[in-house]
Amino acid sequence: MEEKGWEPRIVAFVCNWCTYAGADLAGTSRLEYRPEVRIIKLPCTGRIDPLFIIKAFEKGADGVLVSGCHPGDCHYTSGNYHARRRWIVFRELLKFAGIDLRRVHFSWVSASEALKWRDLINEVIETVRSAGPFEAYRRLNP
């Protein structure tokens, strides 16, 4: 059941070289997008441990976004390929853990794609909003 005035809490794990730079460009270009996202900058999406995603939900996130360089453009050569392979396997574990896949998003955003970042953030927030608050882990950790 939705509370009045509820807004989803989104955690975005982004790579330093592409997606973070794209988000920064969106900010410096004064593009407006929803403020419900908290960005966690990492060197590469290949360094994102799947447990980071589970921990984000455990700590109160309603949705998670993982975003990095486009395939073939990774600063570390193949980190985004590792992340993509890990994501394919991890999806099944998320389902097993009771996390609706509408709450977890994976994307590629380059440093020059500020408009794509803005549109992605707004789309993720609307998708997570339609799923409602994530209560499963809050019941386990009052």
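Values in this text are rule-based calculations from the coordinates and carry no lab data. It should be emphasised that the depicted structure is a prediction, and the values quoted were computed from it without experimental measurement. Cβ: placed from backbone, ideal geometry, glycine included. Neighbour counts: every protein chain shown.
Taken over region 14-28, the residue count meeting the criterion of being in contact with a helix residue (DSSP H, G or I) (Cβ under 6 Å, 6 or more places away or on another chain) and farther than 15 Å from residue 118 by Cα is 1. You will find that of 114, 83, the residue that is touching a helix residue (DSSP H, G or I) at 6+ places or on another chain (Cβ under 7 Å), touching a residue at least 60 places away in the same chain (Cβ under 8 Å) and under 26 Å from residue 26 (Cα atoms) is 114 and no other. The set of residues from region 61-78 being out of contact with any Cys (no Cβ under 6 Å at 6 or more places or on another chain) and farther than 17 Å from residue 126 by Cα comprises 67, 70, 71, 72, 73, 74, 75, 77, 78. Mind checking whether some residue in region 112-135 is acidic (Asp, Glu), buried (at least 20 other Cβ atoms within 10 Å of the Cβ) and within 23 Å of residue 22 (Cα to Cα)? Within region 112-135, one or more residues are acidic (Asp, Glu), buried (at least 20 other Cβ atoms within 10 Å of the Cβ) and within 23 Å of residue 22 (Cα to Cα). Scanning region 48-83 for residues that are more than 16 Å from residue 118 (Cα to Cα), outside any loop (DSSP other than H, G, I, E, B) and either in contact with a Gly (Cβ under 7 Å, 6 or more places away or on another chain) or hydrophobic (A, V, I, L, M, F, W, C) (or both) yields 51, 52, 53, 54, 56, 57, 79, 80, 82, 83.
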